[in-house]
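Colleague: The following block contains the structure, expressed as structure tokens.
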There are 2 protein chains.
Amino acid sequence: MATRVPSEHGSVRKAPRQLRSRATVDTIVEAAARVLARRGWAHFTTNETASAAGVSVGSIYQYFPNKLALAEEIRKRHLDAVLAAISGSDERDAVITVEQRAAKLVDGVVAAHSVDQELHRVLLDEVPLAARSTQDQFEAEYLRRYQAVIASAPGKPDPKRDDIAGRVLSGAVEGVVHAAARHGELQSPELRAELIELVCAYLRSRCTG
Amino acid sequence: MATRVPSEHGSVRKAPRQLRSRATVDTIVEAAARVLARRGWAHFTTNETASAAGVSVGSIYQYFPNKLALAEEIRKRHLDAVLAAISGSDERDAVITVEQRAAKLVDGVVAAHSVDQELHRVLLDEVPLAARSTQDQFEAEYLRRYQAVIASAPGKPDPKRDDIAGRVLSGAVEGVVHAAARHGELQSPELRAELIELVCAYLRSRCTG
DNA sequence: CCAAAATGCGAGTGTCCGCTCACATTTATC
DNA sequence: GATAAATGTGAGCGGACACTCGCATTTTGG
């Protein structure tokens, strides 16, 4: 999508109206994502993106006020794909056990990080984030999955403590998955088992103690 | 330190021999660290570093073959400081309990991330790492602390499983601490308590099940 | 003291790349 | 068809910045 009515720096670009231009925008964003993943943010140039997309630089700036806006669009599309990869782990099925719920959560997060791994890494580690809104919205959605797991565990709810527990769980799972991704061990079954065990152990201790 | 006898790209620089030049190198590195922390890697320039240090650009290139080498030196010094912040949690004191050991570990990691937080973030998130060696050496040392905690927990040792457990524990603690740092909650006692609980719960479950 | 080595200087060079603009081409409207 | 609007083009401008080089100054060793 390239409807950029308001822009932080004033430079507004018009939205594509015809079919042709919408296709052009898609081509640009897809090519840009490939270039960004392959070269990293430091070597990500609009000129290379243009030739990779088979368009001229001018066409990029017809729809994006600057390089960063293009990266933001890539991020937005990617985060949507990631959320799609997680969906299914938030079913309100009360019959499944905590262990199964934890397994679904872990599998979801692993799946999310398996969507175009290199692009994911570059977007998270290298591309500076200009507008918090998109990122915040995504993080909130992400956190909700963890809160759901916390809430589904037995024990009396304690809003404040549960909130912190959500952050702890989220940070822990993300941390383990990120580390695994860096070492190319995302698909290791042993790691999956240990991670699920970590989640379950924590949940168990929280209703015991 | 600026003894760069071998350099990856061939450009070698001489080491400072006199007191004066050693002081200059220190001044440069310290100023560079401040600039890097304040402006981020993207806006970190050698010219600004030079004027911040009160020297000329030429003096920088007298001792560092390029900008990245300067950043590497900053990283090296910073990682040393971080290791110093952790030291003390690896005492082989067999009398203390697992809970106490876990607490020491968590406190150590938190302390490590409290050393010049912004610089730490920039170094980890933004500065590209050219030479793996330094980073790898540091990570190995870091992992050792976790392995020590794993080994101190009761239960029969299982080398392969313990190795994975070390990675899981390391990833989890790092992940939680990083997330907390991003939200400025590094000093929260509640978070500390929950994180220690996470570690203990995991260790407990590993000797029970 | 006096070479010679070490250190320090900073204007300038070369390169890279984001972005513009004047113009060409295609599509919509009547 | 004709006019206007939308879309596409790419050479090149301008600024940023890493890094060099010829020279000045300081320190060392004899």
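The values are calculated or read from the model by the stated rules, or taken from the named source; none is laboratory data. All of these numbers come straight from a predicted model, not from anything done at the bench. Cβ sites come from the backbone with ideal geometry, for glycine too, and all protein chains shown count toward neighbours. We work out accessible area using only protein heavy atoms, side chains counted, and drop any ligands, DNA or RNA first. Shrake-Rupley method; radii C 1.70, N 1.55, O 1.52, S 1.80 Å.
Colleague: Would you calculate a helix-derived [θ] at 222 nm for chain B, using -39,500 (n - 2.57) for each DSSP H run of n ≥ 4 and dividing by the full residue count, to the nearest 500?
Modeller: Per the formula, -23500 deg cm²/dmol.
Colleague: What per residue convex hull volume, in Å³, do the alpha-carbon atoms of chain B yield?
Modeller: Expressed per residue, the convex hull around the Cα atoms of chain B is 139 Å³.
Colleague: Just tell me how shielded B:126-135 is by partners: mean number of partner chain Cβ atoms within 10 Å of each residue's Cβ, no decimals.
Modeller: Counting other chains' Cβ atoms within 10 Å and averaging over B:126-135 gives 1.
Colleague: Quantify how strongly other chains surround peptide B:79-86 by giving the mean number of their Cβ atoms within 10 Å of each of its Cβ atoms.
Modeller: Per residue, the number of nearby Cβ atoms from other chains is 0 on average.
Colleague: Now a separate question. With the solvent-accessible surface defined on protein heavy atoms using a 1.4 Å probe, which residues belonging to the stretch B:139-185 display a reduction of at least 20 Å² in accessible area in the multichain context relative to the isolated chain?
Modeller: Residues passing the criterion (a loss of at least 20 Å², heavy atoms only) are B:E139, B:K160, B:R161, B:I164, B:R167, B:V168, B:G171, B:A172, B:G175, B:V176, B:H183, B:E185.
Colleague: Follow-up question, since we're still on this one. Which distances, shortest first and in nm, link A:A193 to the matching position in the other copies, using label points set 7 Å out along Cα to C-beta?
Modeller: Output for A:A193: 3.5 nm, nearest copy listed first.
Colleague: Hey, got the average number of other protein chain Cβ atoms within 10 angstrom for residues in A:188-200?
Modeller: Across A:188-200, the average partner-chain Cβ count within 10 Å equals 4.
Colleague: Using R₀ = 30 Å, calculate the FRET efficiency as 1/(1 + (r/R₀)^6) where r is the Cβ-Cβ separation of B:D163 and A:K156; round to 0.05.
Modeller: For R0 = 30 Å, the calculated efficiency reads 0.20.
Colleague: Rg and Dmax of the stretch B:119-199 over Cα atoms: what are they, in angstrom?
Modeller: Rg, Dmax (Cα atoms, Å): 14.8, 41.
Colleague: Taking the Cα centre of each part, how many Å lie between the stretch B:98-167 and the stretch B:12-81?
Modeller: Taking the Cα centre of the stretch B:12-81 as reference, the centre of the stretch B:98-167 is 28 Å away.
Colleague: Find, among the residues of chain A, the one whose Cβ sits nearest the axis of the rotation taking A to B; state the distance in whole Å.
Modeller: Residue plus distance in Å, as requested: A:G175, 1.
Colleague: In nm, what does the list of distances from B:V95 to its counterparts in the other copies look like, shortest first, when each label sits 7 Å along Cα to Cβ?
Modeller: With the label placed 7 Å along Cα→Cβ, B:V95 yields 5.7 nm.
Colleague: Distances from B:S51 to the same residue in each other copy, label points 7 Å out along Cα→Cβ, in nm, shortest first?
Modeller: 3.6
Colleague: Given just the C-alpha atoms of the protein assembly as shown, how large is their convex hull per residue in cubic angstrom?
Modeller: 176 Å³
Colleague: Just the number please: accessible area per residue for chain A, 1.4 Å probe, all protein chains included, in Å².
Modeller: Per residue, chain A has 51 Å² of solvent-accessible surface.
Colleague: Sorted by packing (mean other beta-carbon atoms within 10 Å per residue), highest first, where do A:133-140, A:160-167, B:175-182 land?
Modeller: In decreasing order of mean packing, A:133-140, A:160-167, B:175-182 become B:175-182, A:160-167, A:133-140.
Colleague: Among the complete DSSP H segments of chain A, which ones combine at least 15 Å of alpha-carbon extent along their axis with a mean Kyte-Doolittle hydropathy of -1.0 or more?
Modeller: In chain A, the long hydrophobic H runs are A:19-39, A:67-86, A:98-114, A:132-152, A:159-182, A:189-208.
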